[in-house]
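FYI, it's all coordinate maths here, none of it is from the lab. Note that this is a predicted model, so its numbers are computed, not measured. With ideal geometry, Cβ positions are generated from the backbone for all residues, glycine too; neighbour counts draw on all protein chains shown.
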Amino acid sequence: MLRSLMGTGRYVMPEQITKYPDVTLKVLKGSGAVCGEGAPQQILTQCPADRFCALPAGELCVYGIGDIPQMTQISTAELAQVVCPIASQGPPVQASLAGADGMLAGAVFLLGLVLGLSSKGLSRCSARLKPVSQPRSLP
């Protein structure tokens, strides 16, 4: 029943991801698989012994969600493309506008600063132009 991977002469058996690996192993054992009992690993040699199952038709390695980084057939990057497709494509539109929003806020701040400084300068000028009501006496 073993088939090579697209004529490469290399045999491939599946690694499975499940939220409940212990339950999956019990179901497989109940169906006649030899799981976690030291069965010889001919193809899935990197599979942890307690997660390995041997069946008459092949081998199976059962991983829990927390074990995904240990998998050899699927990388976390490949899995992320499926689980989080937006994150792997780049930031969403709203986040990409954050740069434009930030630039607009900066421009408004600078405009306010310029207007504030210019009005302060105008008040100095107008203070110089105000008539003095009484001359100051020197001590």
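Each Lys or Arg adds one and each Asp or Glu subtracts one; over the other residues with Cβ under 12 Å from the Cβ of C53, this totals -1. At what distance in nm do the modelled label points of C84 and V23 sit from each other, each positioned 7 Å from its Cα along Cα→Cβ? Going by the 7 Å Cα→Cβ label model, 2.6 nm.
Computed from phi, the 3J(HN,Hα) profile of the stretch 27-43 under the Karplus parametrisation 6.51, -1.76, 1.60 (θ = phi - 60°) reads 4, 5, 4, x, 9, x, 6, 9, 10, x, 10, x, 5, x, 9, 8, 10 Hz, with x in place of Gly and Pro. Amide H contacts under 5 Å for Q73: none, restricted to partners 5 or more places along the chain or on a different chain, H placed in the peptide plane at 1.01 Å from N.
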